[in-house]
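Have a look at the structure below, then the notes.
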Amino acid sequence: MKRIWVDRDKCLGCKTCELQCAVDRGSVAKTLQEAIAEFPKPLARVGVFGPTGSAFPIQCRHCQDAPCIQTCPSGAMHREEDGLVMVDQDVCRGCWMCVMACPFGAIVPDPEAKVAIKCDACKDMEQPACVAACPTGALIYGDDTAYGQVLAKRRSRVALFARGDSGQVVSLEYTREGDEG
């Protein structure tokens, strides 16, 4: 199953992913200029939290043992064959048990429609809207193998710190032998 992964070091907290998600997934007009005028305002299925420099985008992790599914009394929260955790808004009662149960805060109530909304990984799109919109490449869409390659590359770098003649700390970064960097 493909997932959306986050490279924390690249996230600036610009909320471009949040905006694009709201426009592509929650707006009738599908353009930012027209979505601003819509009522009710379109809601994003991803949220960016934290100050600039340590921000982190939060979207559904499609947990293996999803607490939202376990607590949903109506059965609106369910796992599909492809592994994605989805909400059937026609069945959702708006009790918000899933909102309270989600350990990541990735499910939000839609107060107008009185249903829960969450990331569906843009399952009908080639690439999720948030990933396509991220200007820094902080969001990565792929399977566990693709993300493992990103981690391996990052772990292959070694940083050395030394004090220069003036007493100032100097950082030098090296790539381990045999690894491409």
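Taken together, the values in this text are just the output of simple stated rules run on the coordinates, not laboratory data. Since this is a predicted model, take the numbers as computed values, not measurements. Neighbour counts run over all protein chains shown; Cβ positions are idealised from the backbone, glycine included.
Taking label positions 7 Å along the Cα-Cβ direction at both CYS95 and ARG79, the computed distance is 2.1 nm, reported to one decimal. Out of [x] 1.00; [y] 1.35; [z] 1.25, which label holds the value of Cα Rg over 2.2 N^0.38 Å that was computed here? Comparing each candidate, only [z] matches the computed number. Note on LYS30 and ALA146: the extension gain reaches 38.7 nm, defined as 0.36 nm multiplied by sequence separation minus the Cα-Cα distance.
The relative contact order of the stretch 3-156, computed from alpha carbon pairs under 8 Å that lie at least 6 residues apart in sequence, is 28 percent. The residues LYS118, LYS123, LYS15, when put in order of fewest to most other Cβ atoms within 10 Å, stand as LYS123, LYS15, LYS118.
For the pair ASP88 and THR71, label points projected 7 Å from Cα toward Cβ lie 2.1 nm apart. Note on ARG61 and GLN168: with the Förster distance fixed at 35 Å, the Cβ-Cβ geometry gives a FRET efficiency of about 0.25. Within the chain, CYS11, CYS14, CYS21, CYS63, CYS72, CYS92, CYS95, CYS102, CYS122, CYS134 have no other Cys Cβ under 4.7 Å of their Cβ and so lack a disulfide-compatible partner by this rule. Using only the alpha-carbon atoms, how far is helix 144-155 inclined from the longest principal axis of the chain? Give it as 0 to 90 degrees, nearest 10. Rounded to the nearest ten degrees, it is 30. Using 0.36 nm per residue and subtracting the Cα-Cα separation, the extra length available between THR136 and GLU112 on full extension is 5.3 nm.
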